[in-house]
Amino acid sequence: MQHSQNFMEPTELQTLREAIKASPDNLPLRKLYAGALLRHNRFDEAEAEFKEALRAWPNDNSLKVGLAEA
């Protein structure tokens, strides 16, 4: 996943993204990552992450709420 922003990537996001690469089916990890994207005002990326997670876990209400927040 490439980012076009011209600022340094927050360490939190880098760490979570690397963890997801190692464990892509880890729902709690994906929720943490999407929430971190929201906290860093990266709403488009957060929306995409919530949507991707919802494809795998369509009945997860916290993902639906996160998507609405994004």
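The values are calculated or read from the model by the stated rules, or taken from the named source; none is laboratory data. Note that the structure is a prediction, hence the values are computed from the model and not measured. The protein model used for the area step is the full one, side chains on, heavy atoms only, and it has no ligands, DNA or RNA in it. Shrake-Rupley method; radii C 1.70, N 1.55, O 1.52, S 1.80 Å.
Calculate for the chain the 222 nm mean residue ellipticity that helices alone would give, adding -39,500 (n - 2.57) per DSSP H run of length 4 or more and normalising by residue count, nearest 500 deg cm²/dmol.
Numbers: 4 runs with 48 residues, N = 70.
Calculated mean residue ellipticity at 222 nm is -21500 deg cm²/dmol.
Roll a 1.4 angstrom probe over the protein heavy atoms and tell me the percent of accessible area of the chain that is carbon or sulfur. Intermediate values should be presented prior to the final figure.
Details: 2450 of 4600 Å².
Whole-percent figure for carbon plus sulfur exposure: 53.
Determine the gain in length on full extension of the stretch Lys51-Asn26; use 0.36 nm per residue of separation and subtract their C-alpha separation, reporting nm with one decimal.
7.5 nm
With a probe of 1.4 Å, find how much accessible area the chain has per residue, and write the answer as a whole number in Å². Mind showing how you got there, number by number?
Numbers: 4600 Å² over 70 residues.
Result: 66 Å² of accessible area for each residue.
Shape of the chain from its Cα gyration tensor (a ≥ b ≥ c, root eigenvalues): rounded if a/c is under 1.5, otherwise prolate when a/b > b/c, or oblate?
On the way: a/c = 2.08, a/b = 1.36, b/c = 1.53.
Oblate is the answer for the chain, as a/c is 1.5 or above yet b/c matches or exceeds a/b.
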